[in-house]
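The values are calculated or read from the model by the stated rules, or taken from the named source; none is laboratory data. Predicted model, so just to flag it, every value in this text is computed and none were measured. Here the Cβ positions follow ideal geometry from the backbone for every residue, glycine too, while neighbour counts run over all protein chains shown.
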Amino acid sequence: MQKKIVITGGPGTGKSTVIEELARRNFLCMPEISREVTLNARKKGIEQLFLTKPLLFSEMLLEGRIHQYTDAEIKNNDIVFFDRGIPDVHAYMNYISIDYPKTYIHKSNLYRYNYIFLMPPWEDIYISDNERYENFEQALAIHNHLERTYKELNYNIIEVPTGTVTKRTDFILACIKQ
């Protein structure tokens, strides 16, 4: 049975860097798609889709993450890592206090993962950029919403300690081999 593993956390916590390291070590990794959705919207003249049309943005993310999940299932890999999971979509909606359809929670329960690794806020590595508009305090709030959302879905959350990319990646791999 395929192990589906989510690496999640607020913005700027090192998720994508760890995913890149896992890919370098020849693991199947599904990348974060929110930047892609944001950049595609920019090409259509919408500067910050998440801020201007959050429900549309979240629908696009939800569809994209479900597609990643089902795409991973047909691949012949024992382990698949996801840079964010389906529940992240409604965790962010909760963060910005926007109502969303109950289907979000239904789909989060339908498409389940085996492990959830939560990357804690880490101010030393936090950087804002053109796609990441949140400040560090907002990143802390997002972290709390993510943690709450996964707990409400009855997931056991494993917090990844801060450290080098190698140490963080090794920690995750050691946890899933137990």
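Could you check how many residues of segment 150-178 are under 30 Å from Lys102 (Cα atoms), in a loop (DSSP other than H, G, I, E, B) and free of Cβ contacts under 8 Å to residues at least 12 places away in the same chain?
Number of matching residues: 1.
Would you say Ile86 is of a type in the set (A, V, I, L, M) and farther than 28 Å from Phe171 by Cβ?
Spelling it out, it is not the case that Ile86 is of a type in the set (A, V, I, L, M) and farther than 28 Å from Phe171 by Cβ.
So is Glu147 at pLDDT 95 or above, out of contact with any Lys or Arg (no Cβ under 7 Å at 6 or more places or on another chain) and either part of a helix (DSSP H, G or I) or farther than 15 Å from Gly10 by Cβ (or both) or not?
Numbers: at pLDDT 95 or above: yes; out of contact with any Lys or Arg (no Cβ under 7 Å at 6 or more places or on another chain): yes; either part of a helix (DSSP H, G or I) or farther than 15 Å from Gly10 by Cβ (or both): yes.
The answer is yes for Glu147.
Would you confirm whether or not segment 59-68 contains a residue that is within 17 Å of Val6 (Cβ to Cβ), touching a residue at least 40 places away in the same chain (Cβ under 8 Å), surrounded by fewer than 22 Cβ atoms within 10 Å (Cβ to Cβ) and of a type in the set (Val, Ile, Thr)?
Within segment 59-68, one or more residues are within 17 Å of Val6 (Cβ to Cβ), touching a residue at least 40 places away in the same chain (Cβ under 8 Å), surrounded by fewer than 22 Cβ atoms within 10 Å (Cβ to Cβ) and of a type in the set (Val, Ile, Thr).
Results for (1) closer than 22 Å to Glu36 by Cα; (2) hydrophobic (A, V, I, L, M, F, W, C); (3) under 18 Å from the mean Cα position of the chain (by Cα); (4) modelled with pLDDT of 95 or more, shown as yes or no for each residue.
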site: Ile74; (1), (2), (3), (4): no, yes, no, no
site: Gly85; (1), (2), (3), (4): yes, no, yes, yes
site: Phe117; (1), (2), (3), (4): no, yes, yes, yes
site: Ile127; (1), (2), (3), (4): yes, yes, yes, no
site: Glu137; (1), (2), (3), (4): no, no, no, no
site: Leu140; (1), (2), (3), (4): no, yes, yes, no
site: His143; (1), (2), (3), (4): yes, no, yes, no
site: Asn154; (1), (2), (3), (4): no, no, yes, yes
site: Gly163; (1), (2), (3), (4): no, no, no, no
